[in-house]
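The values are calculated or read from the model by the stated rules, or taken from the named source; none is laboratory data. This is a predicted model, so every value here is computed, not measured. Cβ sites come from the backbone with ideal geometry, for glycine too, and all protein chains shown count toward neighbours. Areas reflect the complete protein model, heavy atoms only, side chains present, ligands, DNA and RNA absent. Shrake-Rupley method; radii C 1.70, N 1.55, O 1.52, S 1.80 Å.
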Amino acid sequence: MHFSKTYSQLLLTLPQELQDNAIEYRQATINLELQLKKLINKVVLELSSLGLSPAVLHDLLHSCEQGDINGKGKERQVGERPDDGGLVAQISEAGPSRQATKAVYEFVEDGGRIEPRLRLWVSTASIEDDAATASGSSVGAESDDDPRVAIFLDKPESKPPSPDSDNVRTEELLLVSKPVAQKGQSLVWSLQKKSGPIFGSGNAWDSLVGAADSDDSLETLAHPVELVRKQVPRPPVGSREIIIPLTSDTAFFQLLQGALQSLTVHLDTVKAGFIHNLQDLSTIISKTARPRSSVSHSFKPASSFSDPSSISAGHLMPKSLVHHSMDTKSDLYAWREIFQLYIDSEVFESLSERSRGERSLDETERRLSEFAERVSNRGLGDSRGLKLKESREALEKFLQLNLLILNLKKFQYANSEAARKILKKHAKRTALPIPSPFKRLDIPASTLSGFMGVIPDSSKAVVLAREKSYHDTLSLLPTTTASLPHILVQAIGETLIPIIPHIDDYSCLICTSIAFKPIRLTCGHLFCVRCLVKMQKRGQDHCPCCRAPSVLKANRANVDWALLNFMQDWFPVESEEKLRQNEREAAKEELEELGLGDSRCIIM
Amino acid sequence: MAALPKRIIKETERLNKEAPDGITAEPHEDNLRYFDVTIKGPGGSPFEGGTFKLELFLPEDYPMAPPKVRFLTKIYHPNIDRLGRICLDILKDKWSPALQIRTVLLSIQALLSSPNPDDPLATDVAKHYKENEKEAIAQSQEWTRKYAVAG
């Protein structure tokens, strides 16, 4: 896999306690890549020893698909593909009418292990012919006529019994449902290289639609993620079924599955470390961005004024917060600005209605560095903005956590690329098609988890009962992988951002500035005193939010003292400003009511 | 002229940044309370395909008082008269200071989708709509083609 390089970069940004684990992990992935490549070679060897070289396999798998497309296996003519050279042509000649020898590459789940295997149908006519010549022993390799057929026919059963009993035995042996069973019973996954109409266009979602159409709706509900579940194509009557378990291929998929599972475990560690760091950071920011009550001795948020008019501009002394003249420092306003910049930057996910969702790697990187730039341009990164040393360290840590998410995104991309490449290599070398669940590794992992494998029994009860273990064991991509950056971005949004109350949550709906002094109407809606006074003067009684007649009866008893104190505590500057503005406006109105409007000079 | 209230500045910014679908509203440079508005005829309505021009003015006591809105493009609609005046409750007695330019324009867009001949302003158009709706709709479409399609 090719992500060693990306991974090295990621290592640099990890907190120390995560690095050891990460180094181990990196070593493991390098080994993994080698092992997977070796196993592909083994699969090729194993298949060749069965007479199933890539060329032969390609034809077999392809013939099945063609049979599907045509609806009948026999429509394909021998001469259709001149470069065919061998097996299929051979068999079509041997079998007089139902010549189709088909193969399906499928996956069985066995106690949580994924076992790929090949299911072949050979027309009985040709078997008998061959059996006659080969007389039941391993003649295959030497058979000059068609060695390949002979060999793989030789494998599962030496003597060809009647097709029916053979089917039954195979079924018992391998715990699969009878392929020629009735419609709707067989739930074997058929994995096709290219998809015929029944398989959908190869796009997983198309297949899902197909499955939903043809399957019982209950089953579809129970397995929303099974995309290519489908019946095995009905083999031609009079053909014999052979199932070949693929040992090396099983090893390949198990190794890959194991690797992906250990990736989950590893990412869980990273996640846990991230959350831990985030909580630390949250504590530090809470300590450095303190409200007025904790830095000024003159202000007590719990104190209740008996008369709201006793609160006037200048009464609040927020200067101690913005300037240095106070006993304890707070970086409340700097942090508020930093978080506002962060929210506006929409680094990882777009919040706009038109393009909601996770951003691309490049876009994320660009936005993250833009955010960092803006912070430092405004002097928020140094002692001009952040007065406390702890704040500056916390900002550094905050940026590091964001960088970690970015690198995780890169890492995840590299991972899915690597998995995709190794599967592509697998398909190319063996001619076995890429199992469709792997085709699109960038889709959410939860969708992938159910893809791989077979439900051995068609009975619905069993299906439902198995559902759970099925998901646990067969998930090739861990469910948390795809969305980990998203989860971490959410965690930042939920842990850090709410530390500092946002002005928008305390604004008056009418004037859009802070609702100071806050009046709570009897209907429960909150506005600033100034806007309500204006409404009362106009005789407007209906609450702007709910139209309840609650405006005119509001009086000083409606002052929300708890909120008023909270606002003075967390928004001292805004509260003060609003208070001044209210007073100016009220004075002007009073003058106007006396007939002395505007600032025009009055000449007596 | 007094300084523009914070609320109007905020509303203008947001209209500029993310206008609702099919709606534009731009303030005049010399009078930031006066807006040039366009509304696209909603799909499925007799006004589909047309782009209607309106003017919107925020009075001194906005948002205590509703904005004044008027169609500039001729339109055959039972609730809009020859002068472009609009019969819409939230522009009159049902105004609330919690409403905004955005919500007003969306309401007008909705009015184009569902003409209400039972509460008419243009009585002749409303009568037409009530007596022969098919013909009246055809008339609205005709006017849309004639007056609201550029070029």
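Part of a helix (DSSP H, G or I), exposed (fewer than 15 other Cβ atoms within 10 Å of the Cβ) and modelled with pLDDT under 80: which single residue out of A:Asp83, A:Asp68 fits that description?
A:Asp83
Only one of (1) surrounded by fewer than 21 Cβ atoms within 10 Å (Cβ to Cβ); (2) part of a helix (DSSP H, G or I) fails for A:Ser383. Which number is that?
The one condition A:Ser383 does not meet is (2).
Among the residues of segment A:244-270, which ones are closer than 18 Å to A:Gln490 by Cβ and open to solvent by 60 Å² or more (accessible area, probe 1.4 Å)?
A:Asp268
Being open to solvent by less than 20 Å² (accessible area, probe 1.4 Å), in a helix (DSSP H, G or I) and within 30 Å of A:Arg292 (Cβ to Cβ) narrows it down to one residue among A:Leu368, A:Leu341; which is it?
Exactly one of A:Leu368, A:Leu341 is open to solvent by less than 20 Å² (accessible area, probe 1.4 Å), in a helix (DSSP H, G or I) and within 30 Å of A:Arg292 (Cβ to Cβ), namely A:Leu341.
Determine whether segment A:305-328 contains at least one residue that is modelled with pLDDT of 80 or more, aliphatic (A, V, I, L, M) and within 20 Å of A:Phe571 (Cα to Cα).
no
So, A:Cys546, is that one within 11 Å of chain B (Cβ to nearest Cβ) and open to solvent by 30 Å² or more (accessible area, probe 1.4 Å) or not?
yes
Between A:Ile510, A:Ile500, A:Ile492, which is surrounded by 15 or more Cβ atoms within 10 Å (Cβ to Cβ) and either touching an Asp or Glu at 6+ places or on another chain (Cβ under 9 Å) or within 12 Å of chain B (Cβ to nearest Cβ) (or both)?
A:Ile510
Among the residues of segment B:23-42, is there at least one that is within 29 Å of A:His542 (Cα to Cα), within 12 Å of another protein chain (Cβ to nearest Cβ), in contact (Cβ under 8 Å) with a residue 24 or more places away in the chain and not small (Gly, Ala, Ser)?
no
Just give me the residues in segment B:4-53 being among the basic types (Lys, Arg) and open to solvent by 70 Å² or more (accessible area, probe 1.4 Å), in sequence order.
Those that are among the basic types (Lys, Arg) and open to solvent by 70 Å² or more (accessible area, probe 1.4 Å): B:Lys6, B:Lys10, B:Arg14, B:Lys17, B:Lys40, B:Lys53.
Working carefully through the options B:Pro63, B:Pro46, find the one that is over 23 Å from A:Ser352 (Cβ atoms), out of contact with any Ser or Thr (no Cβ under 7 Å at 6 or more places or on another chain) and part of a loop (DSSP other than H, G, I, E, B).
B:Pro63
For segment B:73-95, state whether one or more residues are surrounded by 19 or more Cβ atoms within 10 Å (Cβ to Cβ) and within 14 Å of chain A (Cβ to nearest Cβ).
The answer is yes, given that some residue of segment B:73-95 is surrounded by 19 or more Cβ atoms within 10 Å (Cβ to Cβ) and within 14 Å of chain A (Cβ to nearest Cβ).
What single numbered condition from (1) assigned to a loop (DSSP other than H, G, I, E, B); (2) within 9 Å of the chain's Cα centre (by Cα) fails to hold for B:Leu106?
In the conditions (1) assigned to a loop (DSSP other than H, G, I, E, B); (2) within 9 Å of the chain's Cα centre (by Cα), B:Leu106 misses (1) alone.
Working carefully through the options A:Gly524, A:Gly539, find the one that is surrounded by fewer than 18 Cβ atoms within 10 Å (Cβ to Cβ) and within 13 Å of chain B (Cβ to nearest Cβ).
A:Gly539
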